[in-house]
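Below is one structure; the comments refer to it alone.
Readers should treat all values here as calculations from the given coordinates under stated rules, not as data from a laboratory. The shown structure was predicted, so the numbers you read here are calculated from the model rather than taken from an experiment. We place every Cβ from the backbone using ideal geometry, glycine too, and count neighbours over all the protein chains shown.
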Amino acid sequence: MTTPSTTMAQALNSALRDALTEDERVVVFGEDVGRLGGVFRITDGLTAEFGEDRCFDTPLAEAGIVGFAVGMAMGGFRPVVELQFDAFAYPAFEQIASHVAKMRNRTRGRVALPMVIRIPYAGGIGGVEHHCDSSEAYYAHTPGLKVVTPATADDAYSLLREAIEDPDPVIFLEPKKLYWSKSQVALPVRTEPFGRAAIRRQGADATLVAYGPTVPVALEAAEAAVEEGWDLEVVDLRTIVPFDDETVAASVRRTGRCVIVSEAAGFAGVGAEIAARVQERCFHSLHAPVLRVTGYDIPYPPPMLEQHHLPNVDRILDSLDRLQRDDRPDPRFLPLGGAA
Amino acid sequence: MTTPSTTMAQALNSALRDALTEDERVVVFGEDVGRLGGVFRITDGLTAEFGEDRCFDTPLAEAGIVGFAVGMAMGGFRPVVELQFDAFAYPAFEQIASHVAKMRNRTRGRVALPMVIRIPYAGGIGGVEHHCDSSEAYYAHTPGLKVVTPATADDAYSLLREAIEDPDPVIFLEPKKLYWSKSQVALPVRTEPFGRAAIRRQGADATLVAYGPTVPVALEAAEAAVEEGWDLEVVDLRTIVPFDDETVAASVRRTGRCVIVSEAAGFAGVGAEIAARVQERCFHSLHAPVLRVTGYDIPYPPPMLEQHHLPNVDRILDSLDRLQRDDRPDPRFLPLGGAA
Amino acid sequence: MTDRQHDGGPEALLPSERPVRFLTDTGAAVRGRPRYPLPSPETLRRAYRAMVVGRRFDAQATALTKQGRLAVYPSSHGQEACQVGAVLALQDGDWFFPTYRESMALVTRGIEPTEVLALLRGDAHCGYDPHRHHVAPQCTPLATQTVHAAGLAYAEQRKGSGRIALACVGDGATSEGDFHEALNFAAVFKAPVVFLVQNNQYAISVPLDRQTAAPSLAHKGIGYGIRSERIDGNDPVAVLAVLSAAAEHARSGHGPFLVEAHTYRLESHTNADDATRYRTDAEAEEWRRRDPIARLEAYLRRRGHLSDEDVAEAATAAEEFAARLRTAMNAAPELTPLGMFDHVYDVPTPQLDEQRASLRSELEAEEALT
Amino acid sequence: MTDRQHDGGPEALLPSERPVRFLTDTGAAVRGRPRYPLPSPETLRRAYRAMVVGRRFDAQATALTKQGRLAVYPSSHGQEACQVGAVLALQDGDWFFPTYRESMALVTRGIEPTEVLALLRGDAHCGYDPHRHHVAPQCTPLATQTVHAAGLAYAEQRKGSGRIALACVGDGATSEGDFHEALNFAAVFKAPVVFLVQNNQYAISVPLDRQTAAPSLAHKGIGYGIRSERIDGNDPVAVLAVLSAAAEHARSGHGPFLVEAHTYRLESHTNADDATRYRTDAEAEEWRRRDPIARLEAYLRRRGHLSDEDVAEAATAAEEFAARLRTAMNAAPELTPLGMFDHVYDVPTPQLDEQRASLRSELEAEEALT
Ligand SMILES: Cc1ncc(C[n+]2csc(CCOP(=O)(O)OP(=O)(O)O)c2C)c(N)n1
Ligand SMILES: Cc1ncc(C[n+]2csc(CCOP(=O)(O)OP(=O)(O)O)c2C)c(N)n1
Ligand SMILES: [Mg+2]
Ligand SMILES: [Mg+2]
């Protein structure tokens, strides 16, 4: 029995289909998600299969979509909405920050909002401006939201199913450039739950922490680094909120070094949070500062320049040079001093 | 000659008045800024003095206010708009993130947007929900915006004047709870320019980094810490973007320890960025991890509970205990090992 | 309900040429055949009593701010007809979406006044159980709740519950983009929702003519294909008649309905505001003459539907209500700082558990000291 | 301009009962006295030529996507009357606020096609100088630029420049909150701005009846106190007549004007879209019969305003335009990666200088390798 090859887009489509089948409270809506099946075809065929009542187009207004979902969730449905691109979620920011994130807390648990906001995000597909933003930090900084971003097809399926089943609102960030990446997955599949990072590659010398679109880049860099004598561990966060301190800290305590790889502008991004947490928790195990390889602090550049903006293998390898392996005794041959 | 006592609110009002007087391109608008003088009276008297054309009320719509300001700035004016409270800036988020922040870059310098978005922000005044958010991270993470927050009356005046004169858009965050704090200032005054942090108190044992509403708390904590044998330095960032790496890093290299004090929810906040930068730049000078004293990762609580949420002197003092002064030789009496 | 609504032509969506009123300023019946059915005397008597109690409640709440028992209070004094009419036009299971100004409506709905006032006292963001009362949390981000109302109404329609939603919004809030999106979603999905704009002439200090250049706020409906009406919002009979018709319109599958009620807030925006900065006493005086309670009392008395005893009973009930409120608000609310960490998520994250534990030790340390 | 606009009654703000048209589908003059002045033959001849060139430009741009010279192209084939009419209705100093679909309008305005296409080729966010052409950057976040147009028009009014602004927006984008806020700000401030809604029946795949339940999009105007009109957007005479009247209305201090033009995009949303998924060929065929170029040609020829030579000249000009574009787009654009750090701020922050330096060494290292 060979496992079929599945793209992340197909896995997401299956997750929606299976959720719609299993739970009649689930409704899918947004711009162009109906007949067209979404501009990325993630909702392809759902209207045909489940009818207009379960998967439908809305007027073109993102605050409206999210606010309408809030109302439907209060009324017992489980809305899964699509906002078409990262920057086109911004019109819904007030609804997300002031209502979606806060409803459970402000009603002391009486009004829950089980809803999923799917957002195709980040760059690398030659999109024009406003179509490539890495907006995860805005959501991750807003208490009350869960923030999820898959890097593999099986996680895409499993995390989306879990997001839909979750009693809390979930911002589900789909790395656009991974939509068409294929892997061998037999669906349905359930991977680890929210809040557990995955070690995608084991290594002893340094930990690369990545999530969503940068996971494959980090893995590629780890392979390339072998030649330079580095044995790198790669951690895929999977969920930014809740954050898996345990896995990340354990890895860095083991390796003594950490580089975070993330596409977003670095300043005050999620990468900063990871760096801050890692040094708080692993200070005495660290042989070098925690470094970040991120997008620059610039508006996302035009398509023809994006390759220069995005974290790539070379840039990750360069960061290893700054991990000061040489100006200190090689930690692999010494007991770690003062490890926490 | 005694210097008069001035509140931050008065200093801001004077800054607006002086800017309106000196530059006829300056216009002030927003909700209730006209006849009422703003809910915090920051624009008090401006309509009476300069007329409806220079300071006026708008319809109640924040995206409209910011977008209208974009158009007026394109047309040669220098709009200074007020968004009434932190969470009520969120409806304008798309305009801010997708246009205000990006216009200069996307037009390759051809369209500048000299405009100021004033936002009374943060808590500590017993405001109900949605009136107390610390929203600086959203802006600081968005390249193209300058993010400024004064902690003293003279800075309030000087930074606001500079913001209005600046060729770039400035998010000007006014710590509500400091509006009525008084100090001896002779206006007009010009303090240090954007991008320079101020050392508000010199000390040798550890650096407290604060900005806006937490600066007075940090100073109070530093005084209280004397009793416990700590000589603390207090850095006031003044501008979050541009960030003054030089002053902050120099301070931490000197003291070897750093605690960041900020009101916002900690996760992926500006405090995380500061921690990440400090450990990147001062790793070999650090005797303990960089710590953060921040708001919790919860929606801002109801007024009667806010005292438990906000960083306070005790919590800062507690953090000092975690700076491991005792499990290591006291750095004040030893040369710093491996200082960068 | 008039025939006009199903006439076909788009003009049928426009509001009446003049605000609908059943009563003159002094409570006489307006001449001419009314275009909406007259509410029953029983309903009007209920409305009278609720307005008397509501006004007393409101005055008491304002007094509580002066004693420091309430942090802030946005009064709806002057808007009693709308506050009470909006609630009485609904059935029990229907949903009500209030703003911060609807405290009077919420007590009319039967929610405990202390629960209603929790937000403004400062001990909780929302003191009542929205699902129990079918009342959304009082909403401060303007117009945002109108979209929720559209979504909830659509959900009820999908469930076939026969329930509708009514969303309150102020004149100022109609300028927000969310109001536009709410009207549009409601219309496109034919959601059974009534939008009630209480046009009290001001958004804090900003008068209506700075808010809109439209002939009326009710003229916005046609741009969404929504049937609209404008009413004298200080005429309790008109409020009840039109809102009942609007509710019936929504309930019977005709989609949303927009009502603009002309009214006036007699107090400042909240106790923290100073209305003398932006309007004259004379203006308020004029509106005081259109007092909804006096008008309804005169009307009902004239028709023999209200006796001296009824009036006295309402006054007594109002005093008792206020007294109970005073007592209840004298008790300090129970505060549980550690509760801040509850309900951020269904199950707290490990990080929240850490933070909770750290606050717990702080509190224990403090306790040990005292 | 008709008298109707200054009539007083709010209904004067409503659009005509049927979309204004001067030409039948085949280009005959419509009977009856037109309510807007007829554009001059000279203007119509200019429009004809610009549409012919514009359509050829558009076809060439679509072809360039197939050759990989353009990353993406949203065609305005079918919308030539609006694209050209909107620009010709303006004076030189007036401001134009386009969406991503207005490439044809921008070349009509005289901007170099390579500059127009920079966004879609992917070498720059905006290839032209907005201040030089008085054309805002092509805008993708829907409806956001309508607010800018209101602000800019108000700025021009304040400066007494006599200039106006015209903002383009699609049928779908009218659902966004920003559109509502733009109309309202424009009306309240009496800003001289014309809003042109090109209702091409679809927002990507979503048809108009999912977008609105209104009698027409032009019926939105009255809700803001804005004079509104709807037109046959494939009738170049109607487009020019009504937009010129609208511009004159704005310029002469009467405030904003809203025009809804009924038209159709004959291609998919962009070359990346597949319109067969959501609409039929038959529908497109019907619209092809209302071809704006053929209609105007027929009309002008019949009146003797257009000769065979004129038609041939336009065709030649169009071919030359396309040829020049092909050549220009064959040259690879000059790319300066380090330029990414320019213009984030007027003066780069120290952090950006650091980041720039680090990219510079990367690039130098790469160069050294090759
Ligand atoms: C999005 C948003 N912007 C601004 C505010 C601040 N604010 C609170 S009430 C108010 C005026 C509202 O006026 P209106 O809608 O007429 O309601 P009223 O208070 O008159 O009942 C303003 C500006 C807010 N609460 N929400
Ligand atoms: C705020 C925002 N949301 C979503 C999108 C994605 N999007 C691009 S074009 C489009 C459809 C626009 O339709 P319409 O306004 O009718 O203009 P048309 O493309 O038909 O000219 C959508 C949904 C966007 N660009 N901006
Ligand atoms: Mg009002
Ligand atoms: Mg369209």
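For the reader, a short list of remarks on this structure follows.
- Here the contact order of chain A, divided by its residue count and restricted to Cα pairs under 8 Å and six or more residues apart, works out to 15 percent.
- For the stretch C:10-335, share of DSSP beta bridges that run antiparallel, in % to the nearest 5: 10 percent
- For residue A:264, the residues 5 or more places off, or on other chains, whose built amide H falls under 5 Å of its own are A:295.
- Distances between copies of residue B:224, taken at a point 7 Å out from Cα along the Cα→Cβ vector and listed shortest first: 5.0 nm.
- Peptide B:241-248, shielding by other chains (average Cβ, 10 Å cutoff): 3
- The stretch B:229-258-the stretch B:70-112 distance, computed between alpha-carbon centres (Å): 31 Å
- Averaged over peptide A:141-149, the number of partner chain Cβ atoms lying within 10 Å of each residue's Cβ comes to 6.
- The peptide list C:344-356, D:133-145, C:281-293, put in order of mean Cβ contacts within 10 Å with the highest first, becomes D:133-145, C:344-356, C:281-293.
- Listed peptides B:91-97, D:126-132 appear in the order B:91-97, D:126-132 once ranked by packing, highest mean of other Cβ atoms within 10 Å at the front.
- Converting phi to 3J(HN,Hα) with the Karplus coefficients 6.51, -1.76 and 1.60 and the offset θ = phi - 60°, the stretch D:110-119 yields x, 7, 3, x, 5, 5, 4, 8, 4, 4 Hz in sequence order, with x at every glycine or proline.
- Within the protein assembly as shown, antiparallel bridges make up roughly 15 percent of the DSSP beta bridges whose residues both belong there.
- Residues whose amide H lies under 5 Å from that of residue D:30, counting only those 5 or more places away or on a different chain, are D:23, D:24; hydrogens are built 1.01 Å from N in the peptide plane.
- Rounded Å value of the spacing that divides the Cα centres of the stretch B:1-63 and the stretch C:83-134: 37 Å
- Mean projection of the Cα convex hull over all viewing directions, computed for the stretch C:1-139: 10.5 nm².
- Packing-based ranking of D:227-237, A:73-83 yields D:227-237, A:73-83, ordered from highest to lowest mean Cβ neighbour count within 10 Å.
- Projected area, mean over directions - the stretch D:10-335, Cα convex hull, nm²: 16.0 nm²
- Each copy carries a label point for residue B:184 at 7 Å from Cα toward Cβ; from one copy, the others' points are 7.9 nm away, ordered from shortest.
- Fraction of the pair-distance distribution of the stretch C:256-322 above 13 Å, Cα-Cα pairs, percent: 76 percent
- For the stretch B:152-169, 3J(HN,Hα) computed residue by residue from phi via the Karplus equation (6.51, -1.76, 1.60; θ = phi - 60°) reads 10, 5, 5, 5, 4, 5, 5, 5, 5, 4, 5, 4, 5, 7, 5, x, 10, x Hz, glycine and proline entered as x.
- Cα radius of gyration and Dmax for the protein assembly as shown (Å): 31.6, 101
- Averaging 1/r over each pair of different alpha-carbon atoms in the stretch B:141-270 and inverting the result gives 15.2 Å, the Kirkwood hydrodynamic radius.
- Backbone amide hydrogens, once placed in the peptide plane, bring residue D:227 within less than 5 Å of D:258, excluding anything fewer than 5 places away on its chain.
- Note on A:47-60: average number of Cβ atoms from other chains within 10 Å of each residue's Cβ is 4.
- Label-point spacing at residue C:35 relative to the other copies reads 2.3 nm, in ascending order, each point sitting 7 Å out from Cα along Cα→Cβ.
- Beta bridge orientation in chain B: antiparallel %, DSSP, nearest 5: 20 percent
- In summary, the lysines within cross-link reach of residue A:146, defined as a Cα separation below 24 angstrom excluding same-chain residues under 8 places away, comprise A:102, A:176, A:177.
- The string of couplings for the stretch D:282-294 from the Karplus curve (6.51, -1.76, 1.60, θ = phi - 60°) is 4, 4, 4, 4, 4, 6, 4, 5, 9, 4, x, 6, 4 Hz, one whole number per residue in order, with x for Gly and Pro.
- Chain C versus the axis that turns it onto chain D: the residue with the nearest Cβ and the distance in whole Å amount to C:177, 1.
- Helical contribution to [θ] at 222 nm, DSSP H n ≥ 4, -39,500 (n - 2.57), averaged over the protein assembly as shown, rounded to 500: -11500 deg cm²/dmol
- Counting only residues at least eight positions apart within a chain, or on another chain, the aspartates and glutamates with an alpha carbon under 16 Å from that of residue D:190 are B:52, B:53, B:57, C:209, D:156, D:181, D:248.
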